[in-house]
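What follows draws every value from the coordinates through simple rules; no lab data is involved. What you see is a predicted model, and the numbers here were worked out from it, not measured in a lab.
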Amino acid sequence: AHPDASLSSLFAKENLAHMSEEQLNRYDRLINEPSNDWDIYYWATEAKPTPAEFDTDVMAMLREFAKNRNREQRLRQPDLEYLFEPPR
């Protein structure tokens, strides 16, 4: 599986319906043009700077989405750990 597949597919599910045709074209280019599957993930999580040609409003939306996903996962984490604590 592509490393960014879940991120971009979740993003697509939540955002594609609200995007303009131009944004959809930019999104299509973003997910199809970079040669390295990890690049989009790194750009979205700001681990690497986004090249100017891909640094569009759509990339900004994806970055924001990645931040929110991280926040949700951090908020959910303790509950999961709590479930697996051995009984005292």
Tell me, in nm to one decimal, what length is gained between residue 37 and residue 63 on full extension, where the rule is 0.36 nm per residue of separation less the Cα-Cα distance? 7.8 nm
So how much slack lies between residue 53 and residue 9, counting 0.36 nm per residue of separation and subtracting their Cα-Cα distance, in nm? 13.7 nm
Using only alpha carbon pairs under 8 Å that are at least six residues apart, calculate the relative contact order of region 8-80 and give it in whole percent. 30
